[in-house]
Amino acid sequence: MNGMSTVLIVVGLFFVGGIISFAKQKMPRNLIVLLSVGAAMCLGTGLLYLEV
């Protein structure tokens, strides 16, 4: 694991926590969808950067 992939995976997991929190608070659906897209992009990019 290099530094960039680690940072992207951690940021993606942070966004996933935000999604869960916003869903519990009944925030607007558009905000949750936007955060979901960002989390998916961060996690996907972080997994692609892995040098396995």
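Readers should treat all values here as calculations from the given coordinates under stated rules, not as data from a laboratory. Keep in mind it's a predicted model, so treat the numbers as computed, not measured. Glycine gets a Cβ as well: all are built from the backbone with ideal geometry, and neighbour counts include every protein chain shown.
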Only one of V11, V37, V7, V16 that is β-branched (V, I, T) and surrounded by fewer than 12 Cβ atoms within 10 Å (Cβ to Cβ): V37
Odd one out for I32 among (1) in contact (Cβ under 8 Å) with a residue 40 or more places away in the chain; (2) assigned to a helix (DSSP H, G or I): (1)
